[in-house]
Structure formats: C-alpha cells, structure tokens
Amino acid sequence: MAATDIHIPAPVLEGVIDHIFRAAGCSEKESARIASHLLGANLAGHDSHGVVRVPRYVEWLEAGFVLKGQQASIISDGGAFVLFDGHFGFGQTVAEQATQFAIARALETGSCIMGLRNAGHIGRVGDYSEMALRAGLIAINFVNVGGSVLVAPFGGTERRFSTAPISVGVPLPDGPVLLDFATSFVAEGKVLVASNGGKALPEGALIEPDGRLSADPHTLYGHYEAVGPRNASLGQGAIRAFGDHKGSGLALICELLAGALTGSATSGPVKERGRITNGMLSILLSPRHFGDVAAFEAAGRNYVEWVKACHPADPASPVLIPGEPEAKRRAERLAHGVPLPQEAWANIRATAVRLGVTIPEGL
Ligand code: NAD
C-alpha cells in the first residue's frame, strides 16, 4: 500500500461499481454480482483482480467481447459430471450459476465434476471455491484463459500458456484451507503495477526472447508511456511459470483440463484478438459422503495446527496456511477501507463519469 493511496469504505466502493455496471446496461442483479466479486478480490488483497478491472470490463462489454444477461446452459449431463456453456457472459454470472448447480449435485450424490466453457473473465478463482466451502464441500478448480497467451513453458522463451490459475478449498472447523494462485511466476496484474511505478517484480519473473531473465515490465509490454495503456501483445518476452518445470507442468494441465476438455479455448495459438475467455474444470467433493465428517475435520484441523506450529524461519513471520493472508486482509480492509492507487481510482472515476454515474462527495 502506498502513502498516496486513496482509502474508500467497502460499501461505498461497491455501490459505485454496482452503479457503473447498471449504467453500462447490466441488470440490477448482474451489476450487484459483478460489484460484489470485484470488491471481494480487493478485500482478499488480490487487487489485480479487483475493481481496477472495471474500465476494462466496461470496454469489453461495449466491444461485445463479453455479453450481459447470459445464462450458463447445460451441454451434457452425465450425473457424475456436467458441462456448461457460458455463452461469453460475465464470468461472475455464468461461473456462479454453474458452480451453484455443481454444489447442489455434489451435496446430493457426493461429488460432481463440472466443466464450464466460454465464460467471460471470472475474476478471483477463490470466490468459486468459497461458494463450495460455504456448502461444506471440498473444491478443486482448474482454470485457463483462452485468448491470453503470456507465459513461457519451462525451458522456452516464447509464450504458450495463460496465467492459468488453480484453486483448492478444504472446509475445516475454525477456517478453511484455501489455495488460490496463478501458475505464472507473477499474475499479469503485478507486471502492470510494476510498470506504473508500483512494487518491483521479483528477479527472474520474466524472460527475454534470448533467454535472459528479467524483472523489467518492458519485457512484457514493449515500449509504453509513463501514463497510458499497457499492451501485452507489444512485448517480445514472456512471464515465466512458477516453480520451474513443476509450475510449467501445472499450467499445461490447466490448459488441457479447463481449456481443451471443456471445449473452451486453450490459450493459443490466438485466432481472435480481443476476446478472452475463462474455461474451468471443477471437482467438488462432499466429505459427508466420504465417511465420518467429525473424524475428517478433527484429523484435518489437528494436522493444520501442527503445520502452523512449525518453528518459523523468521520469528516475526509465523507459518501461515493458505487462505489466512486473505482472511486477515479482509478484516483489515472492511475495518479501514479499500486502498486504491490514485491512478486506478482516476480510471474508475473516468469510466463512471463517462457513463453518467454520480460519484459520492469527497471522492
Ligand atoms: P499469490 O501469489 O498472491 O498466491 C496466493 C495464494 O498463496 C493464496 O492461496 C494465499 O493464501 C497463499 N499465500 C500467500 N502468502 C502465503 C504465506 N505466507 N503462507 C502460506 N500461504 C500463502 O496469488 P497470484 O498468483 O498473484 O493470484 C492472484 C489472484 O489472481 C488469484 O485469486 C487467482 O485466482 C487470480 N487469477 C485469475 C485469473 C483468471 O483468469 N480469472 C488468472 C490468473 C490469476
């Protein structure tokens, strides 16, 4: 968080975003849903997938890359699995609908494998794991981004993968375990932030065409002005996958399961520039159907506590469990407001003003 960040109370910010999507032509329900998901990403601390995306989402809507008012429809239903088409609707709408269906099925039968093709950007994947967690289910989500090729495979210098995220949620007493990350070394949003003078990238996050490692955003965006848009198709280099061959392998699996198996697009070769689609393959499991829930919860919680009790390498930083940083950040931001860089807020304001949305006084 920078000293110059503006802090906006969460309900106020959510209201502005809600009104922007209504003014852009979305229904009240869809606008509220998109606003809630975007704000939720900021509350979790994943600003790269939060309200900063609003101007781009509105541009995609106006360009017809994403469509309002769509319903996820069933392509095939085999009982143990169900495949949906999102018809390029807002990801927050169609992924929520498909996930709700899969949750009901898993609660009934013990498990459900759900595929979703042709969804607009679904945002923070952890949101869909959290929906399953609230129903007491385990969720394993593989996601890819068709039309967005940004990441080099291990040993390569050219872009082949999307940032292909994975999220796994396990419900436990006193808080779930919630893993949720991109398989790229850094999410593209973090390169964007660094290019705007924000937090620098870790060494070796990017790779040049000649194989030199880089932390310079120009590797991804090519030439850009200090203020103005960034275009990832202009750079010559790529983001690297995290964890060398391991993260690279996971990215490949996301492309195959979420992109190819579901019939959504894989990340390349890119045929149609402009439209990006998320594909998702979700596996939901009901612990109740697997056996003794109390025994599972006790064993899981005991184990997690033992992991957390590990002697920390830095006494000031105790060992954390995935999901804990987000829960802590959410509590802080609900109490003290959502910090936004001035430039990000200026861009959201400009979109609001263009659409005739009134901004609350003082902001
Ligand atoms: P990240 O690198 O910040 O990793 C987050 C994960 O690591 C979380 O599970 C978090 O709980 C855990 N974590 C963080 N610090 C920890 C610590 N000290 N100890 C233990 N666990 C810790 O995430 P990212 O790769 O930057 O991804 C950010 C977001 O972007 C995610 O929500 C992801 O779903 C989203 N994303 C979406 C798309 C899309 O197309 N929709 C694409 C890429 C990423």
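Just so you know, all these numbers are worked out from the coordinates, no wet-lab data involved. Remember, it's a predicted structure, so these values are computed and weren't measured experimentally. Cβ sites come from the backbone with ideal geometry, for glycine too, and all protein chains shown count toward neighbours.
Let me make sure I get this right: for segment 66-140, a, b and c are the square roots of the gyration tensor eigenvalues over alpha carbons, sorted descending. Under 1.5 in a/c it's rounded, otherwise prolate if a/b > b/c, else oblate. Which is it?
Oblate is the answer for segment 66-140, as a/c is 1.5 or above yet b/c matches or exceeds a/b.
Using only alpha carbon pairs under 8 Å that are at least six residues apart, calculate the relative contact order of the chain and give it in whole percent.
23
Can you tell me the Rg and Dmax of segment 24-97, counting just the alpha carbons, in angstroms?
Calculated on Cα positions, Rg and Dmax stand at 13.7, 40 Å.
Counting other Cβ atoms within 10 Å of each Cβ, which trypsin sites (Lys or Arg not before Pro) in segment 208-311 have at most 15 and sit in a DSSP loop?
Those satisfying the criteria are Arg212, Lys271, Arg273.
Would you mind checking the pairs Lys68/Lys246; Lys190/Lys308; Lys68/Lys328 and listing those with alpha carbons more than 31 angstrom apart?
Exceeds cut-off: Lys68/Lys246; Lys68/Lys328.
Translational diffusion coefficient, Stokes-Einstein: compute it for segment 198-241 using the Kirkwood radius over C-alpha pairs as Rh, at 4 °C and 1.567 mPa s, and state it as an integer in µm² s⁻¹.
Stokes-Einstein gives a translational diffusion coefficient of 122 µm²/s.
Please compute P(r) over all alpha-carbon pairs of the chain, binned at 20 Å starting from zero, and give each bin as a whole-number percent.
28, 61, 11
Magnitude of the Cβ-charge dipole of the chain, K/R +1 and D/E -1, about the Cα centre, nearest 20 debye?
It works out to roughly 400 debye.
With Rg and the Kirkwood Rh both taken from Cα atoms, where does Rg over Rh land for segment 133-213?
My calculation of the ratio gives 1.09.
Could you list the square roots of 5 times each eigenvalue of the Cα gyration tensor of segment 207-309, that is, the equivalent ellipsoid semi-axes, sorted largest first and rounded to whole Å?
For segment 207-309, the ellipsoid semi-axes come out as 39, 21, 14 Å.
Please list 3J(HN,Hα) in residue order for segment 198-209, calculated via the Karplus relation 6.51 cos²θ - 1.76 cosθ + 1.60 where θ = phi - 60°; whole Hz, with x for glycine and proline.
x, 3, 5, 7, x, 3, x, 5, 10, 9, 7, x
For a quick protection proxy, order the peptides 173-184, 199-210 by their average other-Cβ count within 10 Å, most packed first.
Packing proxy ranking, top to bottom: 173-184, 199-210.
Taking the Cα centre of segment 54-154 as origin, work out the dipole magnitude from +1 charges on Lys and Arg Cβ and -1 charges on Asp and Glu Cβ, in debye rounded to 20.
Dipole of segment 54-154, to the nearest 20 debye: 100 debye.
In whole Hz, with x marking every Gly and Pro, tabulate ³J(HN,Hα) for segment 44-52 from phi via Karplus 6.51 cos²θ - 1.76 cosθ + 1.60, θ = phi - 60°.
So the J values, rounded to whole Hz, are 6, x, 9, 4, 5, 10, x, 5, 4.
Suppose we keep just the DSSP beta bridges with both residues in the chain; what percent of those would be antiparallel, to 5?
85
Check Gln236: other-chain or 5+ apart residues with amide H under 5 Å from its amide H, H built from backbone geometry?
Here Gly222 satisfy the definition.
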